[in-house]
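The values are calculated or read from the model by the stated rules, or taken from the named source; none is laboratory data. Just so it is clear, the model here is predicted, and its values are computed rather than measured. We place every Cβ from the backbone using ideal geometry, glycine too, and count neighbours over all the protein chains shown. With ligands, DNA and RNA removed, areas are computed over all heavy atoms of the protein, side chains included. Shrake-Rupley method; radii C 1.70, N 1.55, O 1.52, S 1.80 Å.
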Amino acid sequence: VQVPTTVLAAVDSSVGGKTAIDLGAGKNLAGAFWQPSYVLCDVNTLATLPMEVFRDGCAEVIKTAILFDEPLFMELVRDGLGFDWERVIARCVAHKRDIVAADEFDRGQRNLLNLGHTFGHAVESLSGFTLSHGRAVAIGTAMAARAAVHLGICDQGTATRIMWLLQKFGLPIFAERTAAELSEAALSDKKRAGDTVNLILPQKVGSCAIVPTPVSELESIMQAGL
Ligand code: GLY
C-alpha cells in the first residue's frame, strides 16, 4: 500500500509500480516492477510540506501537462502554486494510470513519462544527489524544450511557454554543467538501450515525441539544450 505525502509521490512515484534504489553508480539502478495493492492519497497531508518540497513535486505536475494536457497547462499558468490540489492531482494520476495500463513494463508509450528525466537525471547525479529530483526534472524539461527547438521539433513559442511556467513555480531551468559532463552522466543512466537513448521531446504543449537518438549525437543535443 502506498500513502504518498508529497506532490511528487502523489502524481508520479506512488502510481505505476516502479520500485528502485539508487546505487553509487547512478539513480534507480536496481529495481523491479511491483504494483501496489492500494494507493491512498490524502491531499490534506500536503498542507504541512515545506514550500520547497511542495514546489519540487510541481515539476512532475508540469511535466504531465506538457505531455498530455494543454488545458491543465493553462490552468497552471492561471493559478500557479495556488492550483486546486485534489482536482489537479487526480487529473495527473488519471493520465499516469492510462499510460501504465497501456504499457506497464515501460517498453513503449510509458517512456513518455521520462520527459525531462534523461537530462534531469544527469544533472541530479552530477550534483551528488544534492539537487532535488523535481528541480533536476525542471532543468531537464527546459533543456528538452530548447533542444527540441534546435532540432525543429517544436517552435520557440512552445519552449518559451514551458520555461515560463517552470519559472512561475520557482523552478530552475538551466544546468550549470557542460554538455560533455552531462552526456557522460546520462550515458550511465539506466534508460539506455545499446547505442541509442530515447529522448522525450516536446512538439507542442500536450504532445511529446519519443526520439531514438544515437549515443554519438547526445552531447551535441545536450549542447543545444543548455
Ligand atoms: N516515473 C516514471 C514512470 O513511472 O514510468
### Task
Go through the residues of region 200-209 one by one and say whether even a single one is among the β-branched types (Val, Ile, Thr) and within 24 Å of residue 75 (Cα to Cα).
yes
### Message
With the requirement that a residue be at pLDDT 95 or above and not hydrophobic (A, V, I, L, M, F, W, C), what does region 152-176 give you?
### Response
152, 155, 156, 157, 158, 160, 161, 167, 168, 170, 172
### Query
How many of the residues making up region 100-124 are β-branched (Val, Ile, Thr) and near the ligand (Cβ under 10 Å from one of its atoms)?
1
### Query
Does any residue of region 79-99 turn out to be touching a helix residue (DSSP H, G or I) at 6+ places or on another chain (Cβ under 9 Å) and within 11 Å of the ligand (Cβ to nearest atom)?
yes
### Task
Among the helices (runs of 4 or more DSSP H) lying completely within region 48-165, list those that include at least 3 residues that are open to solvent by less than 10 Å² (accessible area, probe 1.4 Å) and under 22 Å from residue 188 (Cβ atoms).
117-126, 133-150
### Task
May I ask you to list the residues in region 13-69 that are more than 14 Å from the ligand (Cβ to nearest atom), basic (Lys, Arg) and either touching a Lys or Arg at 6+ places or on another chain (Cβ under 8 Å) or closer than 20 Å to residue 109 by Cβ (or both)?
none
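Going through region 13-47 one residue at a time, which ones are among the aliphatic types (A, V, I, L, M) and in a helix (DSSP H, G or I)?
Residues satisfying the conditions are 43, 46, 47.
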#### Entry: Some residue of region 185-195 being surrounded by fewer than 21 Cβ atoms within 10 Å (Cβ to Cβ), in a loop (DSSP other than H, G, I, E, B) and of a type in the set (Ser, Thr, Tyr)
yes
### Query
Among the residues of region 201-212, is there at least one that is in a loop (DSSP other than H, G, I, E, B) and open to solvent by 50 Å² or more (accessible area, probe 1.4 Å)?
no
